[in-house]
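Contents: one structure, followed by commentary.
The values are calculated or read from the model by the stated rules, or taken from the named source; none is laboratory data. As the structure is a computational prediction, the values presented were derived from the model and not from experiment. SASA here: full protein model, heavy atoms, side chains in, ligands and nucleic acids out. Shrake-Rupley method; radii C 1.70, N 1.55, O 1.52, S 1.80 Å.
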Amino acid sequence: MNPPSRTVAYGCLALSMALVGGYVALSKPLAAALPVFLLAWLRFGIGGIAMARWLKKPAAEAPLALRTRRLLFLESFLGNFLFTICMLLGVSMTSAVSAGVIMSAIPAAVAVMSWIFLRERIALRVWLGAACAVAGIALLSLVKHPAGHGGAALSSTPGHAWLGNLLLVGAVLCEASYAVIGKQLTGALSPKRIAALINLWGFALMTPMGLYLATWFDFRSVHGGVWGLLVFYALAASVWTVWLWMTGLRSVPAAQSGVFTVMLPISAALVGVVALGESLSGAQMAAFAVALVGIVLATLPTRNATQQTA
């Protein structure tokens, strides 16, 4: 199958990150209703059922090389397993709006990792963009979440919000690794096969803890609305976002793809405000503005790069 056009690829990348932002925010009520590891295990299980047909090796596909197998494992371990744990635990301890601001650091992280691992040249403004992203996160860390407010952390202990923010920083690094490794995988496998294989690894990694928690958890305590949200979360996280992102990466360089992760924090913040009743404080909006400046500095292509990719 030929790579998509640049326009289609850009659309796939933007929609993928918008969906990620949406399920990052909506995972907050899920994490409140289900233990995190059980939630993650169910996510991979539902995704595996949905993608069962994608696991079959196409006749034209070459046998998996050892390097490809290792990259598939790392893609799942960092982008699925660790990202899911950090993201679910993080949003359970802080607000969806705060999660959106912290996720604004992803473009700078993608650009820096592309420079380190893919040998892509990074301009000075990218380093300035990374500094802006860090400054945004530092400003966010000074925001206090009042108890009982729509944007408050679920935990009643103030220190838990700091821990939640730290876990979300870990999620940023995992997501950046996911983008860089995914670019390498798209040269060997189709987007559908990548999505199915890394989901299978994620299910295997989560199974021990997931099975343990499932033996004592009272599933009758979970109402119907949560189950519906779980199905959407599983399909969005394991199927749609992965397929869309890998499809877009077939035509777009890894560092340039980072600009589309701006859709993640915007989507997460909008869902937090509209669906979860959270609000944007002045400090959070300032942190968002600083982080968005970092996104522009770190990910907009230079004139030369634009000419080369036109």
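Here's the list of aspartates and glutamates a cross-link from K28 could span, going by alpha-carbon distance under 16 Å and ignoring same-chain residues fewer than 8 apart: E278. A straight chain from L280 to V231 at 0.36 nm per residue would run longer than the Cα-Cα distance by 14.8 nm. Classified by the C-alpha gyration tensor, the stretch 196-291 has an oblate form. Its axis ratio a/c, with a ≥ b ≥ c, is 1.5 or above, and a/b does not exceed b/c. For the stretch 70-117, the spread of Cα coordinates along the three principal axes comes to 33, 22, 9 Å, biggest extent given first.
Taking every protein chain into account, the accessible area of the stretch 39-89 amounts to 51 square angstrom per residue (probe 1.4 Å). For the stretch 1-137, the convex hull drawn through the C-alpha positions has a volume of 154 cubic angstrom per residue.
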